[in-house]
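Colleague: Below: one structure in structure tokens.
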Amino acid sequence: MTPEEFAKFALDRQRLAVLGLLAVGPVDTDGLVAATGQDRREVLEALGVLAVEGLVTKGDAEAWVLQESGLLAVADLLPKAPPPAPRVFFGMTADEGEVLARYTSGNRLTEIPSKRSHRLVVLERLALEFDPGTRYEERQVNGILSLWHPDYAALRRALVDEGFMDRGGGEYWRAGGRVTELG
């Protein structure tokens, strides 16, 4: 069963009721009929589709059992987020790369970490986007950071607050972090 087929199947209220009851625990056919208020034929049709797709089996005492392995198989077919691009890990250690991988998809940050130690790793990486000794206008800083995350203002403030960048006279410049040649 593809994820699309599963979604269409589960969008039917009667089928979803059967699936939901089985998610709680094993239930026999009569119990499903009583609990859902459906007629026996509707319950058996829903169970038939679920059984053919490997999502339920008949267990002990003729009770139907939800097969988590079947649900996991459907989940495995869902599209996966692209892995972080190699450029994301530029200038970072393996441990830092693991932290970055948690917060990136492709070349973008999926979220700004709330945990300070993780946020510092992300900010260390973002600081590498700016050349030491170069002064940037705020709009340039915003442009660079917006390539990483839509809340570029929060990233800009965090870079300044954590000492990776400094500002004055309408300009920003690198004030901390490691220096690595991009290339």
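Taken together, the values in this text are just the output of simple stated rules run on the coordinates, not laboratory data. Here the structure is a predicted model, which is why all the values come from computation and not from measurement. For neighbour counting, all protein chains shown are included, and Cβ atoms are generated from backbone atoms with ideal geometry for every residue, glycine included.
Colleague: Take the chain, connect every pair of alpha-carbon atoms lying under 10 Å apart with a spring to form a Gaussian network, then pick out the residue of Glu62, Glu137, Glu96 with the largest mean-square fluctuation.
Modeller: Judging by the Gaussian network model, the answer is Glu62.
Colleague: Can you pull the one-decimal nm distance between simple spin-label points at Glu138 and Ala10, each 7 Å off the Cα toward Cβ?
Modeller: The answer from the label model is 4.6 nm.
Colleague: Could you give the size of the charge dipole of region 61-180 about its Cα centre, using +1 on the Cβ of each K and R and -1 on the Cβ of each D and E, expressed in debye and rounded to the nearest 20? Please list the in-between numbers first.
Modeller: On the way: 15 positive and 17 negative charges, 76 e Å.
Rounded to the nearest 20 debye, it is 360 debye.
Colleague: Right, something else. Mind telling me which of Gly169, Gly106, Gly54 comes out most flexible in a GNM of the chain, alpha-carbon contacts under 10 Å?
Modeller: Gly169
Colleague: Something else about it: Roughly what % of Cα-Cα distances in region 1-145 sit above 23 Å, to the whole percent? If you can, show how the numbers build up before the last one.
Modeller: Numbers: 5903 of 10440 pairs.
Here the tail beyond 23 Å accounts for 57 percent of pairs.
Colleague: Just tell me which aspartates and glutamates come within less than 19 Å, Cα to Cα, of Lys115; anything on the same chain fewer than 8 places away is out.
Modeller: Asp95, Glu96, Glu98, Glu124, Asp151, Asp161, Glu162
Colleague: Can you list the equivalent-ellipsoid semi-axes of region 20-98, largest first and in whole Å, using the square root of 5 times each Cα gyration tensor eigenvalue? Each step should come with its number before you reach the end.
Modeller: Numbers: eigenvalues 378, 31, 21 Å².
They are 43, 12, 10 Å, listed largest first.
Colleague: Right, another one. Divide the volume of the convex hull of the Cα atoms of region 70-136 by its number of residues and quote the answer in cubic angstrom per residue.
Modeller: 121
Colleague: Tally Lys/Arg at +1 and Asp/Glu at -1 over every other residue whose Cβ is under 15 Å from the Cβ of Leu16; what's the total? It would help to have the intermediate numbers written out before the result.
Modeller: Numbers: positive: Lys8, Arg13, Arg15; negative: Glu5, Asp12, Glu42, Glu45, Glu53.
Residues close to Leu16 contribute a combined charge of -2.
Colleague: Could you tell me which of Leu77, Val43, Gly169 has its Cα farthest along the dipole of region 32-183 towards the positive end, charges placed at Cβ (Lys, Arg +1; Asp, Glu -1), taken about the Cα centre?
Modeller: Gly169
Colleague: About its Cα centre, how strong a charge dipole does region 1-116 have in debye, to the nearest 20, once Lys and Arg get +1 and Asp and Glu get -1 at the Cβ?
Modeller: Numbers: 12 positive and 17 negative charges, 129 e Å.
The dipole magnitude comes to about 620 debye.
Colleague: Can you give the FRET efficiency to the nearest 0.05 for Lys115 and Leu72, using r as the Cβ-Cβ distance and R₀ = 25 Å?
Modeller: Approximately 0.30, to the nearest 0.05.
Colleague: Just want the answer: with Cβ charges of +1 for Lys and Arg and -1 for Asp and Glu, which residue in Ile144, Ala127, Leu109 is farthest toward the dipole's positive end in region 106-167?
Modeller: The Cα lying farthest towards the positive end belongs to Leu109.
Colleague: Using only alpha carbon pairs under 8 Å that are at least six residues apart, calculate the relative contact order of region 30-152 and give it in whole percent.
Modeller: 14
Colleague: Between Lys58 and Glu45, what length in nm is gained on full extension when 0.36 nm per residue of separation is reduced by their alpha carbon distance? Each step should come with its number before you reach the end.
Modeller: Numbers: separation 13, 0.36 × 13 = 4.68 nm, distance 1.45 nm.
Using 0.36 nm per residue and subtracting the Cα-Cα distance, I get 3.2 nm.
Colleague: Over 5 Å intervals from 0, what percent of Cα-Cα pairs in region 107-183 sits in each interval?
Modeller: Here the calculated profile for region 107-183 is 3, 16, 31, 27, 17, 6, 0.
Colleague: Sticking with this one: Between Arg167, Arg156, Arg13, which gets the highest mean-square fluctuation from a Gaussian network model of the chain, Cα cutoff 10 Å?
Modeller: Answer for the Gaussian network model of the chain: Arg13.
Colleague: From the backbone phi of region 109-114, what are the Karplus-calculated ³J(HN,Hα) couplings (6.51 cos²θ - 1.76 cosθ + 1.60, θ = phi - 60°) in whole Hz, Gly and Pro given as x?
Modeller: Calculated HN-Hα couplings, in order: 6, 7, 7, 8, x, 8 Hz.
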